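Chemist: This structure is in structure tokens; I'll ask about it shortly.
Coordinate-derived values only; no laboratory data. Remember, it's a predicted structure, so these values are computed and weren't measured experimentally.
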Amino acid sequence: MMHLGTAFRAFFGTLFNDQKAALVEEALEGKSAAASLPAPAARQTSVSQATPPARSQVAEPSQNPAVTFLAMLQREARFVDFLQEDLSGFDDAQIGAVARDIHRDCRTVVKRAFALERVESREEGSRVTIDATQARLWKVTGKVEGGPPFTGSIVHSGWRATRCELPQYAGSVETALLIAPAELEV
């Protein structure tokens, strides 16, 4: 459970950013992420030399599957509302009651969009040895010295998607990045 926050940030970071997704994919494959990073842009020494991009060069927002998924979580589980809420004024019982419903509804959305399976079937705490061919599927922590094989205890079994089925976006350019519309009661 101690890596849940990191996993959550990595999940949404890769959903919303193609460059981060590519870096994570390379890291999981054991490739050097530094080699794929873009070279730093040269700094301009004078403000007067800078020219604003032409209007035609500005990309119109386009639909992103990550936005579709986040919109599903909001629509069916009020996930974004929950994350954006300041919980400091609520007691643990109130938060727990709300979190139970949001957890159930988010789980339903995830099950509909993805088929998930554990990366490692053995129980957490089991001792395993992983070789170089398996290393890309593992995050090795602790006193790591050298390269594979590594022997240690399973801290987390990991997750992978075996299916991803997000609905196709059918909206307009104006609503491509819309997660939830504002609501007006008349």
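Chemist: Please list the three semi-axes, largest first and in whole Å, of the ellipsoid equivalent to the range 114-172, using sqrt of 5 times the eigenvalues of its alpha carbon gyration tensor. Present the calculation step by step, with values, prior to reporting the outcome.
Modeler: Working: eigenvalues 210, 36, 18 Å².
The equivalent ellipsoid of the range 114-172 has semi-axes of 32, 13, 9 Å.
Chemist: From the phi of every residue in the range 147-158, what ³J(HN,Hα) in whole Hz does the Karplus formula 6.51 cos²θ - 1.76 cosθ + 1.60 yield, where θ is phi - 60° and glycine or proline is x?
Modeler: Each residue of the range 147-158 in turn: x, x, x, 10, 10, x, 9, 5, 8, 8, 7, x Hz.
Chemist: Convex hull over the alpha-carbon atoms of the range 71-186: what's its volume per residue in Å³?
Modeler: Details: hull volume 25.0 nm³, N = 116.
So the per-residue hull volume is 215 Å³.
Chemist: Can you work out ³J(HN,Hα) from phi for every residue in the range 125-140, in order, using Karplus 6.51 cos²θ - 1.76 cosθ + 1.60 and θ = phi - 60°, giving whole Hz and x for Gly and Pro?
Modeler: Along the range 125-140, the couplings run x, 5, 8, 9, 10, 10, 9, 4, 6, 9, 4, 5, 8, 10, 9, 8 Hz.
Chemist: Would you mind checking which residues have amide H under 5 Å from Trp159's amide H? H placed 1.01 Å from N; only 5 or more apart, or other chain.
Modeler: Those lying under 5 Å, H to H, from Trp159 are Val119.
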